[in-house]
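Working notes for the structure below.
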Amino acid sequence: MATQKALWLTKVGEPLTIGQNTIPEPGPGDILVKNESVSLNPMDWIFPKVGFYMMKNFPVVIGEEGAGVVVKLGEGVTNLAVGDRVYYATKFNFESDYAAFQEYTLISADIAGKLPANLSFDQGASICIGIAPFTAATYVPEPHGHGYTPPFESEGGVGKYKGHPILIMAGGASLGQYAIQLARLSGFSPIITTASLHNKDLLISLGATHVLDRKLSASQLKEEVANITSTPVMYAFDSISLDDTRQAAYDILAPGGKLTVVRRGSLKEVEGSGKGVVQAFGSFELPRVREFGGKFMRELDSWLAEGKIKPNRVEVLPGGLHGIAAGLERLESGAVSATKFIVRPQETV
Ligand SMILES: NC(=O)c1ccc[n+]([C@@H]2O[C@H](COP(=O)([O-])OP(=O)(O)OC[C@H]3O[C@@H](n4cnc5c(N)ncnc54)[C@H](OP(=O)(O)O)[C@@H]3O)[C@@H](O)[C@H]2O)c1
């Protein structure tokens, strides 16, 4: 059986090691992708360190996102062809054949993106994990999402929320940058975000109308938001969801407002306020979001081609898969600002 290089986690708490994995055959509905670029996400250092309830079998290959070329089609795949350039989030099932940190990965064809010619593989690998949480939480109907109309031409959602303020905590995060851009397509205004101020120009270029210093205290932030808009803030998306950012966003919301968090943690909710909180689950693999996810990905292909959605800024780490461990250490230490780390598995020696 043909083999490939892969990054293995032998057990929680152990260092990641490079070894061999077999190159799998795609089953029905799947494609085999030759990975040109994969990207690093916070969960790639968190799960190996502290574990995750879905991570049960070891050793396991990790990694959740990438871009590459379709090399084999499973039965029934009609939306993609061998040779197509694709970008993807993995199935997130913690089975090694479906993980990204290796040379070849099995992917679900129906929710993979077709990478437009104007984007590189490195850029393509920066998109799916970052864009899915806001998308799923904001546009999927209740109770799984907040039920806003998505900004698809066919559904009349483009610009629909003009005059509705939105607060996006941590606009500099990968998730935050995509949230800002989708909020812009949906028409939310003003789009208020928090970030390090050196990211102000970038976030304004993506669609933020106001970038506030992430170092402001919760009370200062509330005051600044009130100075920007007298319209009640009915929606907030917290891209980082630390205890303090989550609470600050919740407290700024008007009664009846909606908050999306991307990580669980403490939150003092006010009884009778009518405020609703949704925990984002940024994967289109789940049956309840799958059809919507496929439709969204087709729209996203076009938005990327037209430049309506821009990928994250990327930094390519040297050494192929060998570069991942050092990249994850940088992510863990917080030494990253509005940038996605990329590795090219085919460069592994
Ligand atoms: N629920 C889900 O489905 C899901 C999916 C993917 C990720 N996540 C989680 O979402 C979080 C963000 O992921 P990511 O990939 O977007 O992270 P990331 O890009 O690595 O986040 C780094 C950015 O966070 C910003 N930041 C950090 N602390 C901040 C604060 N207190 N206030 C404002 N900005 C702050 C920094 O912005 P500045 O540089 O401007 O300071 C930095 O650029 C992670 O916790 C991740 O595990 C959840």
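The values are calculated or read from the model by the stated rules, or taken from the named source; none is laboratory data. Source: prediction; values computed, not measured. Here the Cβ is made from the backbone with ideal geometry for all residues, glycine too, and neighbour counts use every protein chain on show. For accessibility, only protein heavy atoms count, side chains too; no ligands or nucleic acids. Shrake-Rupley method; radii C 1.70, N 1.55, O 1.52, S 1.80 Å.
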Relative to a virtual label point 7 Å from the Cα of S273 in the Cα→beta-carbon direction, which members of region 228-245 show backbone nitrogen distances below 18 Å? 231-245
When the dipole is taken about the Cα centre of region 248-349, and only Lys, Arg (+1) and Asp, Glu (-1) are charged at their Cβ, what size is it in debye, to the nearest 20? 180
Running a GNM on the chain with Cα contacts under 10 Å, which residue among L216, L300, L328 ends up with the highest mean-square fluctuation? L216
If you place +1 on the Cβ of every Lys and Arg, -1 on the Cβ of every Asp and Glu, and leave all else neutral, what size is the dipole of region 133-279 about its Cα centre, to the nearest 20 Debye? 100
Formal net charge of residues neighbouring T17 (Cβ-Cβ distance under 12 Å; K, R +1; D, E -1): +1
May I ask which residue of P232, P59, V211 lies farthest towards the positive end of the charge dipole of the chain, with charges of +1 (Lys, Arg) and -1 (Asp, Glu) on Cβ and the Cα centre as origin? P232
Here, T149 and V12, labelled 7 Å along Cα→Cβ, have an inter-label distance in nm of 4.5
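Stretch A254-Y53 to full length: gain in nm at 0.36 nm per residue minus the Cα-Cα span?
68.9 nm
What whole-number value in Å² describes the accessible area per residue of region 133-279 for a 1.4 Å probe?
The answer is 44 Å² per residue.
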Let me know the longest stretch in the chain that avoids all GluC sites (Glu not before Pro) found in a DSSP loop with at most 12 other C-beta atoms within 10 Å. 76-268
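Compute the relative contact order of the chain as a whole-number percentage, counting only Cα pairs closer than 8 Å that sit 6 or more residues apart in sequence.
18
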Most fluctuating of Y53, Y87, Y161 in the GNM of the chain (C-alpha, under 10 Å) is Y53
For K215, which lysines qualify as cross-link partners when the Cα separation must be under 29 Å and same-chain residues fewer than eight apart are set aside? K49, K162, K200, K258, K268, K275, K310, K340
Given unit charges at Cβ for Lys, Arg (+) and Asp, Glu (-), the dipole magnitude of the chain about its Cα centre in debye, nearest 20, is 420
With r defined as the distance between the Cβ atoms of H322 and L216 and R0 fixed at 41 Å, what FRET efficiency is calculated, to the nearest 0.05? 0.55
Expressed in angstrom and rounded, the centroid-to-centroid distance over alpha carbons for region 249-324 and region 201-215 is 18
For the chain, modelled as a GNM with alpha-carbon contacts under 10 angstrom, which of G157, G323, G307 fluctuates the most? G307
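Leaving ligands, DNA and RNA out of it, report the carbon-plus-sulfur percent of the accessible area of the chain at a 1.4 Å probe.
Ligands and nucleic acids excluded, carbon and sulfur reach 54 percent.
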